[in-house]
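The values are calculated or read from the model by the stated rules, or taken from the named source; none is laboratory data. Here the structure is a predicted model, which means the values were calculated and not measured. Cβ: placed from backbone, ideal geometry, glycine included. Neighbour counts: every protein chain shown. Calculation scope for accessible area: heavy atoms of the full protein, side chains included, ligands and nucleic acids excluded. Shrake-Rupley method; radii C 1.70, N 1.55, O 1.52, S 1.80 Å.
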Amino acid sequence: MAMRDIRVVGDPVLRTPCEPITDIDERVKMLVEDLLETVDHEGRAGLAANQIGVSLRAFSWNIDDEIGYVLNPRLVEVSEEEYQDGDEGCLSVPGLWFPTERAWYARVEGTDLDGKKVVVEGEELMARCLQHECDHLDGMLYIDRLERAQRKKAMRAIREML
């Protein structure tokens, strides 16, 4: 197991859609261990594989003292009536937080290392995390979802940071 470095905005791996995991081999098992160890730190809610430079569909989470992972996650349900619009941040866009609208509830389906179906669902922070990490796996960053004025501020701050 290894704590991995986080890739930051500007790294092309963050903008490339991740490939599905077709074989659960030693490489995938090590990836899951690395995702779990790297997310297991104060202030970290979720971590997608491409954030540590691996372009495979997997992510881990660390919400309310629960740490877990899912392989080949698919966002299968979000609340359509209830939304949240609190500040959102990202390990790959360090130090920046902007109001980001997300569904209040989200459900993801995928598999575990044994190939068994996994369902992960939640409200508020967990829902935000599930949506955020699935976006990562599709090559999106949360700043892509910001309203125009906020996105402009974010891009200016990112340019200053780089």
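Structural remarks
- For D135: the one exception among (1) in contact with a strand residue (DSSP E or B) (Cβ under 9 Å, 6 or more places away or on another chain); (2) open to solvent by 20 Å² or more (accessible area, probe 1.4 Å): (2)
- With a requirement of 2 or more residues that are surrounded by 14 or more Cβ atoms within 10 Å (Cβ to Cβ), in contact (Cβ under 8 Å) with a residue 60 or more places away in the chain and hydrophobic (A, V, I, L, M, F, W, C), the strands (runs of 3 or more DSSP E) lying completely within segment 1-104 that satisfy it span 46-48, 58-63, 93-99.
- Yes/no for R128 being under 18 Å from D87 (Cβ atoms) and open to solvent by 70 Å² or more (accessible area, probe 1.4 Å): no
- Pairs, first within 25 Å of C18 (Cα to Cα) and open to solvent by 100 Å² or more (accessible area, probe 1.4 Å) in segment 141-162, second among the β-branched types (V, I, T) and in a helix (DSSP H, G or I), C-beta under 6 Å, six or more apart: none
- K117 being under 25 Å from K29 (Cα atoms), open to solvent by 50 Å² or more (accessible area, probe 1.4 Å) and not aromatic (F, W, Y): yes
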